[in-house]
Every structure is written in C-alpha cells, then in structure tokens.
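The values are calculated or read from the model by the stated rules, or taken from the named source; none is laboratory data. The model shown is predicted, which means the values in this text are computed figures rather than measured ones. All Cβ positions, even for glycine, are placed from backbone atoms using ideal geometry, and neighbour counts span all protein chains on display.
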Amino acid sequence: MDSVLITGAGRGIGLEFARQYATDGWQVFACCRTPESAEELNTLSATPGIKLSIHKMDTTDEASIKAVADDLVGEEIDVLINNAGISGRRDVEVGSMDYDSWAEVMQTNVFAPIKVTEAFMDHVCESYMQLVVMISSRMGSIGDTTSSGSMIYRSSKSALNMAMHSLALETKSRGLTTVSVHPGWVRTDMGGSEATLTPHESVSALRNLFFQLRDSDSGKFFNYDGTELPW
C-alpha cells in the first residue's frame, strides 16, 4: 500500500493532503502539534475505510520527532511531505528587526524539515517512490523577488530551498528524489481569504506534479503547476 507522512496535517494544506491521500486509499501518517484540537483530522481518521493514523509531533522538538519515527519503525513511507511552517512577523523592517521572531521562523521553516527528513530517511529509502517534499514558497525565490517586505519569511524559504538542494545532492546515491514546491497563493489561515487557490486546487495540482517527478528532477524548485521556478 502506498503511504505518506505529512507534517502540519491539522489544518490548511496539510489537512487537504491528508484528506486526498486517505480518500484515494493511501496509508496516511498525519502529524500535528495538537491532535486533540484537530477536529477535521480526527473526523477523517474515524471514517470507515480510511487508513489514517494521527501522531503528535512538534517539528521543532527532536525528541518529539524521534518518538514518532520510533513508533513507525518498519513502516515504509513513499512520500514525506514537510509541510509544517510559520510566517512570523511580516511588519518588521531594517531598523526595527525582531530577531527572536526570525530565529523562531528559521527553527520551524528550515531546521525542522531537515530534522524530520533525517529521522525518517530510512523509512523513505525503503519505499517504492522515495520522495521527499519541502513545502516552500515563491517568496523564497531571489530571482523572482521584485518588492520588499516579509524579510523573515522570505529568507527562511530561501534557506529551506538551499538546504533541500544540498540534501538532494547528498542523498542521490540512496535513490531519493527531493524537491521544493510552491503551493500557490492558497486560502488558508496563512494565505488569507483573498488568495486565488483553494486548498483542494493546490493539493490536487501538487499531487499530479509528484506523480510526474523523475530522478532527474531531484534538487529542483517547482511551482504547483509543474513549472520550474528560479532560485
């Protein structure tokens, strides 16, 4: 059976990934910080015929990550989706930087996905698809940036893309395909109500992209529609 592990699965894009994969018959390992408050995820898990387990994971806490990895020893994970992330303060500018917020965002958006990938590396390597996905953002593209603002969030996604690319090179010999993807501007708590895509539209497009990826795509940065994005 195909399987997927998703971080940040309690809401937004992560929840939609869980819903679509579970509905299509995949084994879903849904990870979130507070399972007790993830009402929609719990309802999905209780649906007859759905193979979805919920795991408590704080992606900034190595012990929390390891506990889930230990619980899933022996389980193959075809697709690992590092989705959990935060935006941090978007109103800061040079002269009034909030370095505590910046550090928190880097911990969550850069360090955490690498920690999770390290912890589940063997699970993914033992699978058929061997795919690792970093949910990044076009806002992290230096070549695509034409306006100021959101320095904290932008820099975290740029750093994540660099870490992903390095990871792809280091794990090539193990057969992994590792990519960063921009999900589009999505109507979530982070994206806001004015966003142009629904979670369903974004995730459907991303899943189609994942299906088409080849070994030669490892280390690349893609838009949700499958086009390659500049660094």
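Listing for the model above:
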| read-out | value |
| --- | --- |
| Complete set of residues in region 1-43 that are part of a helix (DSSP H, G or I) and without any contact (Cβ under 8 Å) to a residue 12 or more places away in the chain | Glu36, Glu39, Thr43 |
| Residue check for Glu75: under 13 Å from Asp122 (Cα atoms) and either among the polar types (S, T, N, Q) or surrounded by 13 or more Cβ atoms within 10 Å (Cβ to Cβ) (or both) | yes |
| Criterion: under 23 Å from Tyr21 (Cα atoms) and under 16 Å from the mean Cα position of the chain (by Cα) - qualifying residue of Ser204, Ser158 | Ser204 |
| Flag if Gln27 is more than 23 Å from Gly184 (Cα to Cα) and polar (S, T, N, Q) | yes |
| Only one of Ser156, Ser216 that is buried (at least 19 other Cβ atoms within 10 Å of the Cβ) and among the hydroxyl-bearing types (Ser, Thr, Tyr) | Ser156 |
| Every pair of residues 6+ apart whose Cβ atoms lie under 7 Å, when the first sits in region 156-185 and is closer than 18 Å to Pro230 by Cβ while the second is in a helix (DSSP H, G or I) and among the basic types (Lys, Arg) | His182/Arg138 |
| Verdict on Asp58 being touching a helix residue (DSSP H, G or I) at 6+ places or on another chain (Cβ under 9 Å), among the charged types (D, E, K, R) and closer than 27 Å to Tyr224 by Cα | yes |
| Inter-residue pairs, beta-carbon under 9 Å, first closer than 30 Å to Ser173 by Cα and in region 191-218, second in a helix (DSSP H, G or I) and at pLDDT below 95, 6+ apart | Asp215/Lys172; Ser218/Lys172 |
